[in-house]
Amino acid sequence: MQLSFSNLQIPKFSNLEVMKSIKFILVAIIVAFTTQLGAQKSTQTASIKVWGNCSTCKARIEKAAKSAGTTTANWNESSKMLKITFDASKTNIDKVSKALAAVGHDTEKYKADPKVYNALPGCCKYPRGK
Ligand SMILES: [Cu+2]
């Protein structure tokens, strides 16, 4: 009796403790992993070519990029390059390019609708290939 008691009770008890510890460790790992994922903002940077002319274009381009979800947007009038930073879970180059075409600015991915382009102020009518 004494032998079976110690053989059965003590191992059972310690197994339970081991199980509890394993559960605790697993939960801790999951929590740590999830927290890390949440904290890791997948910030990306990109440069896209956007056709435009002047400082009015610059303002329009940067506003459109930000409205499409970029964190920062900086268009260079002479190089025609738009530098953006964005959270990849919120937006992407495709979305930004579409937003730019929607306000009249051609990108390599999307061209602006001729109606929208024609409605731009004269100073903003950047040269357009056919
Ligand atoms: Cu302009």
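The values are calculated or read from the model by the stated rules, or taken from the named source; none is laboratory data. If you're wondering where the values come from, they're calculated on a predicted model, not measured in any experiment. Cβ: placed from backbone, ideal geometry, glycine included. Neighbour counts: every protein chain shown.
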Requested in this report: Could you give me the residue pairs with C-beta distances under 6 Å whose first residue belongs to the stretch 59-77 and is in the same structural domain as residue 101 (by TED's automatic domain parsing), whose second residue is exposed (fewer than 15 other Cβ atoms within 10 Å of the Cβ) and in a loop (DSSP other than H, G, I, E, B) wherever it lies, and which are 6+ apart or on separate chains?
Outcome: 69/90
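I'm checking my understanding of the structure. Among residues of the stretch 99-130 that are β-branched (Val, Ile, Thr) and under 12 Å from residue 52 (Cα atoms), which one is nearest to the ligand (Cβ to nearest atom)? Please lay out each step first, then the result.
Keep residues of the stretch 99-130 that are β-branched (Val, Ile, Thr), which gives 103, 107, 116.
Restricting the remaining residues to those that are under 12 Å from residue 52 (Cα atoms) gives 103, 107.
Numbers: 103: 11, 107: 15 Å.
Per the stated criteria, the residue is 103.
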Query raised in the report: Mind checking whether some residue in the stretch 70-87 is away from the ligand (no atom under 16 Å from the Cβ) and out of contact with any strand residue (DSSP E or B) (no Cβ under 8 Å at 6 or more places or on another chain)?
Result: no
Query - Checking residue 86 against (1) buried (at least 19 other Cβ atoms within 10 Å of the Cβ); (2) of a type outside the set (D, E, K, R); (3) on the phi > 0 side of the Ramachandran plot, the condition it does not meet - result: (3)
Requested in this report: Just give me the residues in the stretch 47-64 being touching a helix residue (DSSP H, G or I) at 6+ places or on another chain (Cβ under 7 Å) and within 11 Å of the ligand (Cβ to nearest atom), in sequence order.
Outcome: 52, 53, 54, 56, 57, 61
Requested in this report: Could you tell me whether the stretch 110-130 includes any residue that is touching a residue at least 40 places away in the same chain (Cβ under 8 Å) and within 12 Å of residue 46 (Cβ to Cβ)?
Outcome: no
Query raised in the report: Which of the residues belonging to the stretch 89-109 are in contact (Cβ under 8 Å) with a residue 24 or more places away in the chain and among the β-branched types (Val, Ile, Thr)?
Result: 93, 96, 103, 107
